[in-house]
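Asker: Here it is, the structure, as structure tokens.
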Amino acid sequence: ECVLGFEYSGVTQKNKTRVMGLITSGALSTKVKADLALLWHCPDNWSLSEAATVPCVYGTVYYAFFMTTQIEKGKSILIHSGTGGVGLAAIRVAFAYGLDVFTTVSTDEKKNFLLQLFPQLKAENIGNSRDTTFEKMIMERTRGKGVDFVLNSLAEEKLQASIRCLGHRGKFLEIGKFDMEKDTKIGMSAFLKELSFHSVMLDKLFSAPDSMKNLLKKMLEPNP
């Protein structure tokens, strides 16, 4: 059986409506059985190729920002790997909801790409994702306060540095699974700042009640 992929786009068999969606597995196929609670109309100005890139990354971001926690206008967020699919979606959503955005990338080329794509993004708010120097950048830019949210995809010592980037009552949103599978330890001293940690597991949504799926469906429904 094909188990690859859980996002797709295509046309419905009955009336040839252009759609995009998420399923448990097997989306790398010529025909899939849609989960109607995780199915969206594809806007007319999108190609099906473009539409296929949307459900997973934006689903992850909205799941993290509005179902796992609740982002707020005026708050600050560190989004790692800003030029990745989830990173790009997260930056766009964070700016749309009025957050102060910090991010990391691995090369100057990627940094320049982000600055061209997001004119409101400040060059001094972009750190290096290949080491822990972003921690110093965050503390300097926030004057030692730290950020309110971290959307994390980095591992090992970079994960630990990301935790230290949080300010009082900050929220850590973990989308990577590497350290969870390794059972990486987090020192209890981190909780002195009253932090909260959340794993963002979009795949768990597939076995969730339809009421929960419909919440994400409503959030991601494209405007006419």
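Asker: Can you show me the helix-derived [θ] at 222 nm for the chain, built from DSSP H runs with n ≥ 4 at -39,500 (n - 2.57) apiece and divided by the number of residues, rounded to the nearest 500.
Answerer: Helices in the chain give a 222 nm mean residue ellipticity of -8500 deg cm²/dmol.
Asker: Over region 159-205, with a single point scatterer placed on each C-alpha, what log10 of the ratio I(q)/I(0) does the Debye formula yield at q = 0.25 1/Å?
Answerer: Values returned for q = 0.25 Å⁻¹ are -1.00.
Asker: Continuing with the same structure: Please work out the average accessible area per residue across the chain, using the 1.4 Å probe convention, and give it in Å².
Answerer: Working: 12290 Å² over 224 residues.
That works out to 55 Å² for each residue.
Asker: In addition: Using Cα springs under 10 Å in a Gaussian network model of the chain, which residue among K177, K185, K122 shows the largest mean-square fluctuation?
Answerer: K185
Asker: Hey, what did region 75-121 get for relative contact order, percent, Cα under 8 Å, at least 6 apart?
Answerer: 41 percent
Asker: Using a 7 Å offset from Cα along Cα-Cβ at E109, what residues in region 39-83 end up with backbone N under 19 Å from the label point?
Answerer: Correct set: 81-83.
Asker: For a quick check, take a GNM of the chain with Cα springs below 10 Å and name the residue from F95, F172, F149 with the largest mean-square fluctuation.
Answerer: The residue that fluctuates most here is F95.
Asker: If you don't mind, another one. Find how much the distance from E72 to R143 grows on full extension, using 0.36 nm per residue of separation minus their present alpha carbon separation; answer in nm with one decimal.
Answerer: Length gained, E72 through R143: 23.5 nm.
Asker: A further question on this structure: Which semi-axes, in whole Å and largest first, does the equivalent ellipsoid of the chain have when worked out from the alpha carbon gyration tensor as the square roots of 5 times its eigenvalues? Could the numbers behind the result be given before it?
Answerer: Values: eigenvalues 209, 76, 50 Å².
Semi-axis lengths for the chain are 32, 20, 16 Å.
Asker: Evaluate the relative contact order of the chain (contact order divided by residue number), counting alpha-carbon pairs under 8 angstrom at least 6 apart; express in whole percent.
Answerer: Once divided by the residue count of the chain, the mean separation gives 18 percent.
Asker: Please state the Cα pair-distance histogram of region 1-110 with 5 angstrom bins from zero: what percent is in each bin?
Answerer: Answer for region 1-110: a P(r) of 2, 11, 18, 19, 16, 14, 11, 5, 2, 0 percent.
Asker: Binning at 5 angstrom from zero up to the longest distance, how are the C-alpha pair distances of region 76-196 distributed in percent?
Answerer: Result, from short to long distances: 2, 12, 24, 25, 21, 10, 4, 1, 0 percent.
Asker: Also, quick follow-up: Using the Kyte-Doolittle scale, find the helices of the chain whose mean hydropathy is at least 1.0 and whose Cα atoms extend 20 Å or more along the helix's long axis, counting only whole DSSP H runs. Display every interim value, and only then the final one.
Answerer: Working: long enough: none.
Correct list, ordered by number: empty.
Asker: Using alpha carbons only, how many angstrom separate the centre of region 53-85 from the centre of region 165-217?
Answerer: 12 Å
Asker: At R0 = 22 Å, how high is the FRET efficiency between K14 and T53 if r is their beta carbon distance? Nearest 0.05 is fine.
Answerer: 0.30
The values are calculated or read from the model by the stated rules, or taken from the named source; none is laboratory data. Predicted, not measured: the structure shown is a model, and the values here were computed from it. FYI the Cβ positions are ideal-geometry reconstructions off the backbone, even for glycines, and counts take in every protein chain you see. Areas reflect the complete protein model, heavy atoms only, side chains present, ligands, DNA and RNA absent. Shrake-Rupley method; radii C 1.70, N 1.55, O 1.52, S 1.80 Å.
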